[in-house]
1. Please indicate, with yes or no, whether at least one residue in the range 77-91 is within 22 Å of residue 25 (Cβ to Cβ) and surrounded by 20 or more Cβ atoms within 10 Å (Cβ to Cβ).
2. Starting from the range 47-74, keep only residues that are over 20 Å from residue 95 (Cα atoms), then list their pairs with residues that are in a helix (DSSP H, G or I) and at pLDDT below 95 whose Cβ atoms are within a distance under 8 Å, requiring at least 6 positions of separation or different chains.
3. Of the residues 65, 44, only one is buried (at least 22 other Cβ atoms within 10 Å of the Cβ), out of contact with any strand residue (DSSP E or B) (no Cβ under 9 Å at 6 or more places or on another chain) and either modelled with pLDDT of 95 or more or in a helix (DSSP H, G or I) (or both); which?
4. Evaluate the following for residue 9: is it without any contact (Cβ under 8 Å) to a residue 40 or more places away in the chain and farther than 22 Å from residue 106 by Cα?
5. Across the range 16-31, what is the number of residues that are farther than 25 Å from residue 107 by Cβ and in contact (Cβ under 8 Å) with a residue 24 or more places away in the chain?
């Protein structure tokens, strides 16, 4: 049952990630940055609420896993070049960590 629940969650998260990237990514990947920060916030919130089992499989692994993206983050950082890519990578990592802490604190 769990793989099906994860797949259902990913079927929601992945299209949302695509739309955010499609609408917001341009010269700078704002959409990719946004999905990674928001997804980290949600995972922090879910963790603080001690969500587990099928609910965590659906929302954490499925929705957030489909919504966030390490691969696009890495590609965008590389494409931006050394200076801007490093800034983007630092903003993503620090923003995602801060968002996760905030989500955990609010949870």
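The values are calculated or read from the model by the stated rules, or taken from the named source; none is laboratory data. As the structure is a computational prediction, the values presented were derived from the model and not from experiment. Every residue, glycine among them, receives a Cβ derived from its backbone with ideal geometry; neighbour counts consider all protein chains shown.
1. yes
2. Listed by first residue and then by second, the contacts come to 54/2; 57/2.
3. Numbers: 65 fails: buried (at least 22 other Cβ atoms within 10 Å of the Cβ).
Answer to the check: 44.
4. It is false that residue 9 is without any contact (Cβ under 8 Å) to a residue 40 or more places away in the chain and farther than 22 Å from residue 106 by Cα.
5. 4
Residues checked against (1) surrounded by fewer than 18 Cβ atoms within 10 Å (Cβ to Cβ); (2) in a helix (DSSP H, G or I):
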residue	(1), (2)
4	yes, yes
8	yes, yes
21	no, yes
33	no, yes
40	no, yes
51	yes, no
60	no, yes
74	yes, yes
